[in-house]
Structures are given as C-alpha cells and as structure tokens.
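FYI, it's all coordinate maths here, none of it is from the lab. Given the structure is predicted, the values throughout are model-derived calculations rather than measurements.
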Amino acid sequence: MNTMNLIRVARDYAWSALTFPINTAKISGVKLSLEGASPRMRYVIMRGYESGDAALAAKVLDASDTVLEAGAAIGFMALYCIKNLGIRQYHMVEANCAMEREIKANFHLNGVPCPSLSIAALAAQDGSVSFGVNRDFWSSSILERTGEQRVTVPARSLPSLIAQLGYQPSALIIDIEGGETSIPLEHFALFQKIVIETHRKLVGHEAIDRLMHGLHQKGFRVVAQNGGSYALSRTS
C-alpha cells in the first residue's frame, strides 16, 4: 500500500471513530443509513456521496420524466429524483444482490415506497456475466478490480428491461463503473435524456471519448458536467 492510500485509510478510520454514534446521513434532502458501512463508505457518504450527480440530474430531469437507473447502489439517486424532482415512474437496476436490502432500508428510512428493482448487471445483451463484488459497493464492477469477489449474475440489456416495464422511460441514469463503454450506442438512443458517470481511470480516455462522441452523433448534447459525470439531452 502506497503512502497516499495509507493516509486515506488512516483518515477513514479516524472519521469513523469520531462519527461512530451517528447512524444516518442526510445528503441533498435524502436520508441514508450508515449501519454496517465500512470506514471508507462512512466517510464518502457523510462527505456528500453522489450529491454532484444529483445536482446534474436536477439540471435535466423534471417531474414529467420516467426513469430507468442502472447501478442503483444504495438507492440514493432514486430517492433524490422521487423526493426532490417529483418523478413517479422509476425503475432501478443493480447487479449486487446485497444492495437490495440497503435500497429497501433507505426507502423505508425516507418514508417513500420503493419502486421496482431488477437484480442484474446492465449489458449489451441478456444472459449472465462475471461481476466483482467489493466491500465498498461503488467499486463493484464487471471489470476486474482489487479486493473483489467474483460472482456470476444475470445480465440484462436496455431494450429487454424497457420491454419488461411496459412503458418507455424518457431518461437513463447510469453509473456502472466502466461498464458504460460496453453498451451499444443504439441502446442509449432509446432515451431522450441521460445522466451518466464515466470512468476514465478504469477504461481509459480513448474509450470514454469514443462513447461521448457516439452520443453526440446520436443527437445528445451536454447540458451540464461535473468532472466525469454528464447530464445530456437529445435534440434530434
């Protein structure tokens, strides 16, 4: 472990010790449970977690939208969109089956009925795929990463998921730790709006540049950006 990682680990454990009595965090109006969170997870959640991506969603989504979210994690983005933006039709997709309990707990904590959820990895086609489960849930990915446990999970494509829903979602929220580059561009084109977190460190600059150029070619324009996260709207 290098010096920077040692410093980060020491910081995370110190933060965890100082905040140990606190069992919940409130981020952008959403309550999140800290029960069972690792020191790293506790630090990241309490420091704002995905608040930047939530702000991007607010730039492009409104109460008239219907949403499909891939990479739901602990349900924060779903709760933010339902509570703060007034979105009524929302479907979550999450590959890590352990997150189902966390999602339901967070919806219960917020007093919000939990929307539909598919336990599957988003992929180019239906089937199954090897998925790495990491203790820090945001590092779980179809890509190989350190500290993971590989498991086989169902794989679902966007067209298949949409057919299951019985309605056409207007917006896609996607944060799948590098898996975004394996999704066919024509699948993204099924939506009018996209909020996407890209992962250059995992898949490289060329792959993300190619994805963003492809989305541009499909008629999407960047409405707002926060680091590697983008809010896009389709103009044609």
Give me the distance between the Cα centres of region 87-141 and region 191-236, rounded to whole Å. 22 Å
For the chain, modelled as a Gaussian network with Cα springs under 10 Å, which listed residue fluctuates most, 135, 11, 200? 11
For region 119-133, just list the computed ³J(HN,Hα) in residue order, Karplus coefficients 6.51, -1.76 and 1.60, θ = phi - 60°, integers in Hz, with x standing in for Gly and Pro. 8, 6, 8, 6, 8, 6, 8, 5, x, 9, 8, 6, 10, x, 8
Whole-Hz ³J(HN,Hα) for each residue in region 3-8, computed from phi via Karplus 6.51 cos²θ - 1.76 cosθ + 1.60 with θ = phi - 60°, x for glycine and proline: what do you get? 4, 5, 5, 4, 4, 5
What percent do you get for the relative contact order of the chain when only Cα pairs under 8 Å and 6+ apart count? 17 percent
Give the value in nm², to one decimal: projected area of the alpha carbon convex hull of the chain, averaged over all directions. 12.4 nm²
Spelling it out for residue 121: with amide H atoms placed in the peptide plane at 1.01 Å from N, the residues 5 or more places away or on another chain with amide H under 5 Å from its amide H are 155, 156
Can you tell me which of 50, 197, 100 moves the most in a GNM of the chain? Springs connect C-alpha atoms under 10 Å apart. 50
Across region 149-160, in residue order, what do the Karplus-derived ³J(HN,Hα) couplings come to in whole Hz, using 6.51 cos²θ - 1.76 cosθ + 1.60 with θ = phi - 60° and x for Gly and Pro? 10, 7, 9, 9, 10, x, 10, 10, 8, 4, x, 5
Check: in the chain the Lys pairs 8 or more apart or on separate chains whose Cα atoms fall under 24 Å apart number 12
